[in-house]
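One structure coming up, written as structure tokens, with questions to follow.
The values are calculated or read from the model by the stated rules, or taken from the named source; none is laboratory data. Because the structure is predicted, anything quoted here is derived from the model rather than measured. Quick reminder, even Gly has a Cβ in these numbers, built from the backbone with ideal geometry, and neighbours come from all protein chains shown. To get the accessible areas, we keep the full protein, side chains included, count just its heavy atoms, and leave off ligands, DNA and RNA. Shrake-Rupley method; radii C 1.70, N 1.55, O 1.52, S 1.80 Å.
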Amino acid sequence: MPEPLVSAVLPAFNAERYLGEAIRSVLEQDAGPVEILVVDDGSTDGTAAVAEGFGEAVRILRCAHGGIGAARNRGVDAARGGLVGFLDADDLWPPGRLRALRQAFHAEPAPDLAFGRTVEFRDSGTEGPPCQAMLPGAALLRLDAFRRVGPFREDLRVGEFIDWMARARELGLREAVVDTVCLRRRIHSSNTGRDTAARIDYAEVVRQALLRRRRQEHG
């Protein structure tokens, strides 16, 4: 049986500095067919030109700036593959990443999503040890499973994947974990998730998950 197409969704907002490296890290995967969808989230720099430089290897979707949740949703809506992976425009998929995660879907019963390990690194060359983290860039998902859970929330600046995973687990989606580094996450001054607004969004995600759990418990 041929491997199913993977749709790699790359949301990009003013990402000209790193986007080319991110795209190449997907193109260099050696396991089955991949389509690359770059969602230009209303960029005002050369993001679109970087993506266009890869020619037919990249499909570019343009939209008004709506944030990372909206950009990912736009990419999933356009996906043609049976499996979906995500990659932020400043991060990288390491070599062998796709092969390891594809293999997880050969198990019986097959999972709905699979995670690998993450390494955080800086442009200076320093990097941390591999760790298990619930990050979209370290995952591969069945498209039909994503649609059962529903789209990412678009009102959150950060925490949209944590919210999505909470809903996925409430539905009982099957998860698998592989002992392979599947994401290199770049740490720099512009990372989201470090300011007060980000902490407020995280708190809202936790609050909503608790409310859903209480509603389930009380029927």
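Using a 10 Å Cβ count of at most 14 others and DSSP loop calls, identify the longest part of the chain lacking such trypsin sites (Lys or Arg not before Pro). Display every interim value, and only then the final one.
Numbers: sites that count: Arg80, Arg122, Arg174, Arg194.
The segment 1-79 is the longest one with no such site.
A follow-up question, please. Where in the stretch 112-186 are there chymotrypsin sites (Phe, Trp or Tyr not before Pro) that are in a DSSP coil and have at most 12 other Cβ atoms within 10 angstrom of their Cβ? Don't skip to the answer; put the middle values down first.
Working: sites: Phe115, Phe121, Phe146, Phe152, Phe161, Trp164; in loops: Phe152.
Taking the stretch 112-186 and a limit of 12 other Cβ atoms within 10 Å, no loop chymotrypsin sites (Phe, Trp or Tyr not before Pro) are found.
Right, next: Over the chain, calculate the relative contact order: mean separation of alpha carbon pairs under 8 Å at least 6 apart, over the residue count, as a percent. Show your work: numbers first, answer last.
Details: 438 pairs, mean separation 47.0, N = 219.
Result for the chain is 21 percent.
Continuing with this model, one more query. Between the alpha-carbon centers of the stretch 76-120 and the stretch 2-75, tell me the distance in whole angstrom.
The two parts, judged by their Cα centres, are 15 Å apart.
What's the carbon and sulfur percent of the chain's accessible surface, probe 1.4 angstrom, rounded to a whole number? Numbers along the way, then the final one.
Working: 5520 of 10730 Å².
Looking at the chain in its full context, I get 51 percent from C and S.
In addition: If each DSSP helix of 4+ residues adds -39,500 (n - 2.57) and the sum is divided by the residues in the chain, what number results at 222 nm, nearest 500 deg cm²/dmol?
Values: 7 runs with 74 residues, N = 219.
One gets -10000 deg cm²/dmol as the mean residue ellipticity at 222 nm.
Along the charge dipole of the chain, which of Asn14, Ala176, Pro4 sits closest to the positive end, that is, farthest toward it, with unit charges on the beta carbon of Lys, Arg, Asp and Glu (+1, +1, -1, -1)?
Value computed over the given set: Ala176.
With a ≥ b ≥ c the root eigenvalues of the C-alpha gyration tensor of the stretch 31-88, is it rounded (a/c under 1.5), prolate (a/b larger than b/c) or oblate? Numbers along the way, then the final one.
Values: a/c = 2.32, a/b = 1.24, b/c = 1.87.
Oblate, since a/c reaches 1.5 and b/c is not below a/b.
For the chain, give the share of DSSP beta bridges that are antiparallel, in percent and rounded to the nearest 5; count only bridges with both residues there. Walk me through the numbers on the way to the answer.
Working: 10 of 35 bridges.
Taking every DSSP beta bridge with both residues in the chain, the antiparallel ones total about 30 percent.
Give me the 1.4 Å probe accessible area per residue for the chain, excluding ligands and nucleic acids, in Å².
Values: 10730 Å² over 219 residues.
Counting only protein heavy atoms, the per-residue value for the chain is 49 Å².
Work out how much length Ala78 to Asp144 would gain on full extension: take 0.36 nm times their residue separation and subtract the Cα-Cα distance, in nm to one decimal. Write out the running numbers ahead of the final one.
Numbers: separation 66, 0.36 × 66 = 23.76 nm, distance 1.34 nm.
Here the answer is 22.4 nm.
Residues of the stretch 95-132 with backbone nitrogen within less than 17 Å of a virtual label 7 Å along the Cα-to-Cβ line of Glu175, please, listed as ranges.
Only 101, 104-105, 110-119, 131-132 pass the distance filter.
Also, quick follow-up: Sticking with the crude label model, points 7 Å out along Cα→Cβ, report the distance from His65 to His188 in nm, one decimal please.
My value for the distance between the label points is 1.7 nm.
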